[in-house]
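This report concerns only the one structure given below.
Read the figures in this text as sums done on the coordinates, not as results from a lab. Computed from a prediction, not measured in an experiment: that's the story for all the values here. FYI the Cβ positions are ideal-geometry reconstructions off the backbone, even for glycines, and counts take in every protein chain you see.
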Amino acid sequence: MHRGITMRHTDAIQLGRHVTQLESLYRRCFTEPPWREAAERLAGFPDRLTAHLGHGGFDGLVAVGDGRLIGAVYGWPAGPTLDSGSHFDDALAAAVTPGLAGRIVAPALIVAELMVDPAHQRRGIGRSLLSRFTDGWPAAWLCTHPDAPAAGMYRRDGWREEIEFDVDECPMVLFTWQAPAR
């Protein structure tokens, strides 16, 4: 981690106050390959964020450098069953096996978003955000594009690549993580 970058805990209310900065960060992270998100999807981020902020147990961390948001991770505790009703949730539920589904529900942590400004990537910020965010949880899961640079970090850090599936014609891979035995 570089000097001048601070990490702090955030809850739904605090993060919601930074929607403009978070949307800007999202656009910087997801317009380049392999994502190349369409303008319509980028424009829908504030609505998705609002839905995310409403999840019970919402929690997050932000990384700030030079007075601006350069990284964020957030999510919430998984429920007793898989969610449904969104394109993502329905695609994931259709792709997982019953055994895998049992490992991505409570007591697991759902990592909904992990973003680091491309100008600050490959400096350990994402790794630090993610490890601090999952600390204290017995298990966690997240999804990303199989060609995203972060996928390599997850593999190197012991996250298990489980399945590939598509959401609205975008390839995704599900990664799971188990806390080390103490």
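Brief remarks on what is shown
- With Cα atoms as the point set, segment 53-128 shows a radius of gyration and Dmax of 15.0, 46 Å.
- Positive-end residue of Val105, Thr31, Phe133, charge dipole of segment 5-178 with Cβ unit charges: Phe133
- Whole-number D in µm² s⁻¹ for segment 17-57, Kirkwood Cα-pair radius fed into Stokes-Einstein, 10 °C, 1.306 mPa s: 147 µm²/s
- Cα-Cα pairs of segment 124-182 separated by more than 13 Å (percent): 61 percent
- Each residue in Met153, Met115 was given a count of other beta-carbon atoms within 10 angstrom of its own, and listing them fewest first yields Met153, Met115.
- Label-point separation in nm, Trp35 to Glu169, each point 7 Å along Cα→Cβ: 1.9 nm
- Evaluated with a Cβ-only charge set (Lys, Arg +1; Asp, Glu -1), segment 5-178 carries a dipole of roughly 740 debye about its Cα centre, given to the nearest 20.
- Shape metrics for segment 5-178, restricted to C-alpha atoms - Rg then Dmax, Å: 15.1, 46
- Mean residue ellipticity at 222 nm, helices only, the chain: -9000 deg cm²/dmol; runs of at least 4 DSSP H residues each add -39,500 (n - 2.57), and the sum is divided by the number of residues.
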